[in-house]
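Student: The structure is given below, and queries will be raised subsequently.
Every number in this text was worked out from the coordinates using simple rules, so none of it is lab data. Worth saying up front: this structure is predicted, and the values here are computed from it rather than measured. So basically every Cβ, Gly included, is an ideal-geometry build from the backbone, and we count neighbours across all protein chains shown.
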Amino acid sequence: MKNMFFILFILFTFLSQMTIVYCDEQTYSANIPQAFRDAKFQVFEQPKDSEDFTLPLLNGGEVTLSEYRGMVVVLAFWTTWCTYCHEEMSSKEIFYQYFKDRGLEILAINYKEDSNIVSQYIDNNDYTFPVVLDLDGSVKTDYEVSGYPTCFIINREGKIIAKRVGTLNWNAPELIYAFKALL
């Protein structure tokens, strides 16, 4: 059974990489709002100011959102107990590896869980995107997160341009197009 899971994981990883390569060869729209609508995001016609925060990083230190001004940031709210969060994490890692050197950062914001549990989950799955700990739930409250996973897309000017509640295939062609248009 473990071999079957491993084979399926390798196949998923390969197909995800092929999707990204295929998207490289396609023309994508410069109409950013429509690109994110096509990717099933709620798009804000008037971008909203993002709430600044400073939170601890799982691996030590801390992160302040405003320090990422000039980059596109994905705030990805999640928990280890959320099945839907688990479903999207592998594709999010592949997405992150592809875009991290192109002006994008993912901040995976974990909600009120013990850092040892979070660390074990991240380490067991070899995820490399930054994991941030919302220990008191204040950032979840500021962003009015009502379910998991939830992500917000913040443009280079620090404005929230789109939101998505629910699981997501981060390597779907329409999402790749949307981020290429944004970056």
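Student: In whole Å, what is the distance between the alpha-carbon centres of region 40-90 and region 168-183?
Tutor: Rounded to whole Å, the Cα centres lie 16 Å apart.
Student: Under the Karplus relation 6.51 cos²θ - 1.76 cosθ + 1.60, θ = phi - 60°, what is the ordered set of whole-Hz ³J(HN,Hα) values for region 114-128, x standing for Gly and Pro?
Tutor: Residue by residue, region 114-128 yields 4, 4, 5, 5, 5, 4, 4, 4, 5, 5, 5, 10, 6, 7, 10 Hz.
Student: Under 8 Å for C-alpha pairs, at least 6 residues apart: give me the relative contact order for region 101-150, rounded to a whole percent.
Tutor: Taking the mean separation of contacting Cα pairs over the length of region 101-150, I get 44 percent.
Student: Kindly flag which residue pairs out of 159/180; 40/159; 40/112; 48/112; 100/140 have an alpha-carbon separation exceeding 21 Å in this structure.
Tutor: Going by Cα-Cα distance, 40/112; 48/112; 100/140 fall outside the 21 Å limit.
Student: Another question about this same structure. Please turn the phi angles of region 174-183 into ³J(HN,Hα) values with the Karplus equation 6.51 cos²θ - 1.76 cosθ + 1.60 (θ = phi - 60°), one per residue in order, whole Hz, x for glycine and proline.
Tutor: Residue by residue, region 174-183 yields 5, 6, 4, 4, 4, 6, 5, 5, 6, 7 Hz.
Student: Moving on to the next point. Relative contact order, percent, of region 102-183 when contacts are C-alpha pairs under 8 Å separated by at least 6 residues?
Tutor: With pairs under 8 Å counted, the relative contact order is 25 percent.
Student: Check residue 105: other-chain or 5+ apart residues with amide H under 5 Å from its amide H, H built from backbone geometry?
Tutor: Those qualifying (amide H under 5 Å, at least 5 residues apart or on another chain) are 72, 73, 74.
Student: Please arrange 136, 126 by counting, for each residue, the other beta carbons lying within 10 Å of its beta carbon, fewest first.
Tutor: Least crowded to most crowded, the residues run 126, 136.
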